[in-house]
Amino acid sequence: MRSGLVLACAAFAAIVSDALAFAPGAALPSLAGRVAPNNCLLGLDMMRHGNRKNKLALPADQRKALLRGLTTEIIRHGRITTTLARAKAVRGEVDRMIGLAKDGSLSSRRAALGWMYDKELVHSLFEAAPERYGTREGGYVRVLRTLNRQGDNAKMGVIELV
């Protein structure tokens, strides 16, 4: 399938380059009815460099539930202690919720209500976030390392709102 897409992209690129090679004022060949295949103009071999998310040794549904719960509790309490990997994984979600609260639009409120478990907490976040984080452009949470957990020596951390 990939070789067929490469050929289709090459053929489309040849047609476009022929159309662009004409002198100014000359009649251009018609490109009507010729459509570029998907991903032809965006590049074929796009890779996910730098887009890795920590899977936390959980299936996708359990990982999403964990991140939703941690996000809700961080915003409720302001500071929680968890493993360092979980703290780093939830940091982006908490930043996203506070960014939505700063925006304050109806669609942002609905997105936050769809992610966080406590409806009243979402409403209080949307009231408080614009004053508290109005001048800050990001980095609403801080992750600090603490001592390793005693039972299994897991790296622990404290995640708190700035």
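Select from the stretch 67-88 the residues that are within 12 Å of Val141 (Cβ to Cβ) and among the hydrophobic types (A, V, I, L, M, F, W, C) and write down the one among them that is farthest from the chain's Cα centre (by Cα). This residue is Ile80. Go through the residues of the stretch 141-150 one by one and say whether even a single one is assigned to a loop (DSSP other than H, G, I, E, B), touching a residue at least 12 places away in the same chain (Cβ under 8 Å), open to solvent by 40 Å² or more (accessible area, probe 1.4 Å) and not charged (D, E, K, R). Yes, the stretch 141-150 has at least one match. Of all residues in the stretch 56-76, none are more than 21 Å from Asp95 (Cβ to Cβ), modelled with pLDDT under 60 and among the small types (Gly, Ala, Ser). Look at (1) under 23 Å from the mean Cα position of the chain (by Cα); (2) open to solvent by 80 Å² or more (accessible area, probe 1.4 Å) and you find that Arg109 fails only one, number (2). Within the span defined as the stretch 130-137, one or more residues are within 19 Å of the chain's Cα centre (by Cα) and open to solvent by 60 Å² or more (accessible area, probe 1.4 Å). Of all residues assigned to the stretch 65-77, at least one qualifies as being open to solvent by less than 30 Å² (accessible area, probe 1.4 Å), over 21 Å from Arg52 (Cα atoms), among the hydrophobic types (A, V, I, L, M, F, W, C) and not in a loop (DSSP other than H, G, I, E, B).
The single condition among (1) open to solvent by less than 40 Å² (accessible area, probe 1.4 Å); (2) more than 21 Å from the chain's Cα centre (by Cα) that His123 does not meet is (1).
Residues that are open to solvent by 60 Å² or more (accessible area, probe 1.4 Å), of a type outside the set (D, E, K, R) and not in a helix (DSSP H, G or I) do not occur anywhere in the stretch 97-106.
Screening the stretch 78-90 for residues that are in contact with a helix residue (DSSP H, G or I) (Cβ under 9 Å, 6 or more places away or on another chain) and open to solvent by 70 Å² or more (accessible area, probe 1.4 Å) and picking the one that is farthest from Glu131 (Cα to Cα) gives Arg86.
The values are calculated or read from the model by the stated rules, or taken from the named source; none is laboratory data. The model shown is predicted, which means the values in this text are computed figures rather than measured ones. When we count neighbours, we look across all protein chains shown, and the Cβ atoms used for this are built from the backbone with ideal geometry, even at glycine. Ligands, DNA and RNA are excluded from the accessible area calculation, which covers all protein heavy atoms including side chains. Shrake-Rupley method; radii C 1.70, N 1.55, O 1.52, S 1.80 Å.
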